[in-house]
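A short write-up of the structure that comes next.
The values are calculated or read from the model by the stated rules, or taken from the named source; none is laboratory data. Since the model is a prediction, treat every value here as computed from it, not as a measurement. When we count neighbours, we look across all protein chains shown, and the Cβ atoms used for this are built from the backbone with ideal geometry, even at glycine.
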Amino acid sequence: MECFGRHIGNNGNAKESWVKLAVNEPDAELYKRILRNWDRIAKPLDGMGRFESLTAQIGAILGTEEIDIAKKAVIIMCADNGIVVEGVSQSGQEVTAAVAAQMGRGGSSVGKMAAMIGADTIPIDIGIHSSKPIPGVLDRKIRCGTRNFRQEPAMTREEVIRAINTGIEMVAVSKGKGYRILATGEMGIGNTTTSSAVTAALLRCKVEEVTGRGAGLCEEKLRRKGQIVTEAIEKYRLYDAEPFRVLQTVGGLDIAGLVGVCIGGAVYHLPVVLDGVISMAAALLAERLVPGTKKYLIPSHKGKEPAVEMLTKALGLEPVIDGELALGEGTGAVMMLSLLDMALCIYHGRTLFSDIKMKPYERYT
């Protein structure tokens, strides 16, 4: 029996109004001013590497040279995937609810890491396969997990729209509460299968190029995972499908919610830090649905899934951390938040060349 949860801001006649959005780029002049501020700091030019351009991007998004990201949060979309019944994962769907419960208590990996840097975690039940409320987890359930896309499309059109709108709404609420930067997280057994299917369809590439072991599949299950994704792409002719239909057919509610978070960042001018392959697949969908969204996205880490390299090239976003992370939950994005904090401590406490009576370095290129 399907169960449907409470949904805010949408109804049976929901329209995808976000498809008509024209995203304005972050303030280009402000971006340049922030880079000039970096050049005035007593250090070698470009001494902080890509963190200079990334913090300039954040300032341009927020609309200020005085960049403040002290109030930060990780939005974690939790949902189950019907494709799990096909044996594409080591674990069953019950693990999603168990980990989400840990998130609600702040006891999961991302909760512990976020607490260390002063970030809040906002776990959201957007589609866990359970009708029981989970303490500490926000109830925005669309349905109890997606359908098995080997048999039928994972979601209806309305369900996708509601999930995307939920993500957008979460960004609006976060901005209203004073958050200055958001990170993306997810929890859902089987979501490396959905992200592989989405990536292969969007990039029209071979399935084996973007399908990895997830939480640690054996060789036999990895082959099965790839075979199921290949069958689905052929069955639904997804190489010729537009992005929304790809998401509806082989995506997940967590991915759809993260699509909304990415679009929401562009709509409400909040920087959004991506995590690993699931959030990157969502980011590519968001960019295809609302061009210009990627200007509001900050990459974090490369991860171990093979799809990441192709997704980063498609988005033009090069991750900073190369630590072979594969934990998920938003842990890589939280690591990136901590690095941004450290970079900004230099920017905020600017020791200028004049302070140490030294002639500034000059740019010749």
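Assorted remarks:
- Near pairs, Cβ below 8 angstrom, 6+ apart or cross-chain, from region 73-89 (more than 30 Å from Ala115 (Cα to Cα)) to any residue that is assigned to a loop (DSSP other than H, G, I, E, B) and among the charged types (D, E, K, R): Gly82/Arg147; Ile83/Arg150; Glu86/Arg150
- Restricting attention to region 230-259, the residues that are part of a helix (DSSP H, G or I), of a type in the set (Asp, Glu) and without any contact (Cβ under 8 Å) to a residue 60 or more places away in the chain add up to 2.
- Members of region 340-360 that are surrounded by fewer than 15 Cβ atoms within 10 Å (Cβ to Cβ), farther than 15 Å from Ala56 by Cβ and not polar (S, T, N, Q): Met342, Cys345, Gly349, Leu352, Asp355, Ile356, Lys357, Met358, Lys359, Pro360
- The residues of region 133-149 that are touching a helix residue (DSSP H, G or I) at 6+ places or on another chain (Cβ under 8 Å), in contact (Cβ under 8 Å) with a residue 60 or more places away in the chain and of a type outside the set (S, T, N, Q), listed by number, are Arg140, Ile142, Arg143, Gly145, Arg147, Phe149.
- Long-range neighbours under 6 Å by Cβ, at least six apart or interchain, first residue more than 16 Å from Gly127 (Cβ to Cβ) and touching a residue at least 40 places away in the same chain (Cβ under 8 Å) within region 150-169, second of a type outside the set (D, E, K, R) and surrounded by fewer than 24 Cβ atoms within 10 Å (Cβ to Cβ): Arg150/Ile228
Residue-wise test of (1) farther than 12 Å from Met280 by Cα; (2) charged (D, E, K, R); (3) touching a residue at least 60 places away in the same chain (Cβ under 8 Å).
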residue	(1), (2), (3)
Glu309	no, yes, no
Thr312	no, no, no
Leu315	no, no, no
Gly330	no, no, yes
Val334	yes, no, yes
Leu339	yes, no, yes
Leu344	yes, no, yes
Phe353	yes, no, yes
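- Pick from region 56-90, criterion of a type in the set (S, T, N, Q) and more than 24 Å from Ile122 (Cα to Cα), ranking: modelled with the lowest pLDDT: Gln90
- Within region 333-365, restricting attention to residues that are in a helix (DSSP H, G or I) and polar (S, T, N, Q), the residue that is farthest from the chain's Cα centre (by Cα) is Ser354.
- Check on Ala283, buried (at least 24 other Cβ atoms within 10 Å of the Cβ), among the aliphatic types (A, V, I, L, M) and within 19 Å of Ser196 (Cβ to Cβ): yes
- Evaluating Asp240 against the criteria (1) touching a strand residue (DSSP E or B) at 6+ places or on another chain (Cβ under 7 Å); (2) surrounded by fewer than 16 Cβ atoms within 10 Å (Cβ to Cβ) leaves one unmet condition, (1).
- Some residue of region 281-292 being touching a residue at least 40 places away in the same chain (Cβ under 8 Å), touching a strand residue (DSSP E or B) at 6+ places or on another chain (Cβ under 8 Å), within 17 Å of Gly185 (Cα to Cα) and not acidic (Asp, Glu): yes
- Residue match in region 277-288 (condition: in a loop (DSSP other than H, G, I, E, B) and either touching a His at 6+ places or on another chain (Cβ under 7 Å) or assigned by TED's automatic domain parsing to the domain that holds Ala201 (or both)): no
- Residue-level check: of (1) crowded, with 21+ Cβ neighbours inside 10 Å; (2) modelled with pLDDT under 95; (3) in a helix (DSSP H, G or I), Glu309 misses just (1).
- Test: residue in region 351-364 that is modelled with pLDDT under 90, of a type in the set (D, E, K, R) and touching a Leu at 6+ places or on another chain (Cβ under 8 Å): yes
- Subset of region 165-200 (residues that are more than 22 Å from Asp240 (Cα to Cα) and of a type in the set (A, V, I, L, M)): Ile168, Met170, Val171, Ala172, Val173, Ile181, Leu182, Ala183, Met187, Ile189
- Inter-residue pairs, beta-carbon under 9 Å, first more than 13 Å from Pro133 (Cα to Cα) and in region 101-112, second among the basic types (Lys, Arg) and modelled with pLDDT of 95 or more, 6+ apart: Gly106/Lys112; Gly111/Arg105
- Positions within region 289-306 being surrounded by 24 or more Cβ atoms within 10 Å (Cβ to Cβ) and in a helix (DSSP H, G or I), in sequence order: Thr293, Tyr296
- In region 260-269 there is at least one residue that is more than 26 Å from Glu66 (Cα to Cα) and outside any loop (DSSP other than H, G, I, E, B).
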